[in-house]
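Since the structure comes first, as structure tokens, the remarks are kept for the end.
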Amino acid sequence: MAVTQDIVATYRGPGRVMRRLLSMGQREDRALALVMAGCAVIFVAQLPRLAREAHLTGQELNPLLGGSLLAWVFIAPLMLYALAAASHLVARLIGGRGDWYGARLALFWAILASSPLMLLNGLVAGFLGTGPALSFVGLLWLGVFCWFWARSLWVAERPEAAEGDVA
């Protein structure tokens, strides 16, 4: 199934999509591709906001873009690997029986699957600026991301318990 179809399917049932991704076997190149794609989409989502900021403050746009590129494409994936490891350790403390790869895949997929809302957040930030609309879209993205991550991590850490689940 195409990644875009998986993203749409995740909004209907993140558990089913995560089970299917895990059934494809452990492939670290797939996990790396997911986190890099998610971070690249988030970088692109920052462009309207950065252009607005540069225009309103009179700053040069290129240094802002360079900083965002460095943060999202080079540093964020490393931090996300660490966050996935921490989530796996916490899951192990409360009875999780998954592996490191499943925890990484759960986080990386949640980021990529929720990235369309991050694009919307970037458009709202670029066109409207700060305000209630940006806060609403940001909270919507955060809620969807947390739902995807929690559900995916549940499936990754308790694969036998989640098999009968619908979502």
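Highest GNM mean-square fluctuation among 70, 105, 80, for the chain modelled with Cα contacts below 10 Å: 70. The value of relative contact order for the chain, using C-alpha pairs under 8 Å at least six residues apart, is 36 percent. Computed from phi, the 3J(HN,Hα) profile of region 46-55 under the Karplus parametrisation 6.51, -1.76, 1.60 (θ = phi - 60°) reads 7, 4, x, 5, 5, 5, 5, 4, 5, 5 Hz, with x in place of Gly and Pro. Counted over all Cα-Cα pairs of region 48-116, pairs farther apart than 17 Å make up 57 percent.
Modelled spin-label separation between residue 97 and residue 119, with each label point placed 7 Å from Cα along the Cα-to-Cβ direction: 4.0 nm. With the Cα gyration tensor of region 4-78 giving a ≥ b ≥ c as the square roots of its eigenvalues, does the rule (a/c under 1.5 for rounded; else a/b larger than b/c for prolate; else oblate) give rounded, prolate or oblate? Cα axes put region 4-78 in the oblate bin.
Can you put 55, 88 in order of accessible area, largest first, using a 1.4 Å probe?
55, 88
Only Lys, Arg, Asp and Glu carry charge here, each on its Cβ (+1 for the first two, -1 for the last two); on that basis region 70-162 has a dipole of about 80 debye about its Cα centre.
For the chain, state the average projected area of the convex hull of the C-alpha atoms over all orientations, rounded to one decimal in nm².
On the way: hull surface 40.6 nm².
Mean projected area of the Cα convex hull: 10.2 nm².
As a fraction of the 1.4 Å probe accessible area of the chain, surface on carbon and sulfur atoms comes out at 72 percent. Here region 21-97 is assigned +1 on the Cβ of each Lys and Arg and -1 on the Cβ of each Asp and Glu. Its dipole about the Cα centre then comes out at about 320 debye. Excluding ligands, DNA and RNA, the accessible surface per residue across the chain is 53 Å² with a 1.4 Å probe.
Between the residues 7, 51, 33, the greatest Cα displacement towards the positive end of the dipole of region 1-51, with unit charges on the Cβ of Lys, Arg, Asp and Glu, is found for 7. Working note: Karplus 6.51/-1.76/1.60 with θ = phi - 60° gives region 3-20 the couplings 4, 5, 5, 5, 5, 4, 5, 5, 5, 8, x, x, x, 4, 5, 5, 4, 5 Hz, where Gly and Pro are set to x.
Simple point charges give the picture: +1 on the Cβ of Lys and Arg, -1 on the Cβ of Asp and Glu, and for the chain a dipole about the Cα centre of about 240 debye.
Among the trypsin sites (Lys or Arg not before Pro) in region 74-166, which ones are in a DSSP loop with at most 15 other Cβ atoms within 10 Å of the Cβ? Mind listing them?
97
The values are calculated or read from the model by the stated rules, or taken from the named source; none is laboratory data. The structure displayed is predicted, hence computed values, not measured ones. Virtual Cβ from ideal backbone geometry, glycine too; neighbours counted across all protein chains shown. Side chains are part of the model used for accessible areas, which takes the heavy atoms of the whole protein and leaves out ligands, DNA and RNA. Shrake-Rupley method; radii C 1.70, N 1.55, O 1.52, S 1.80 Å.
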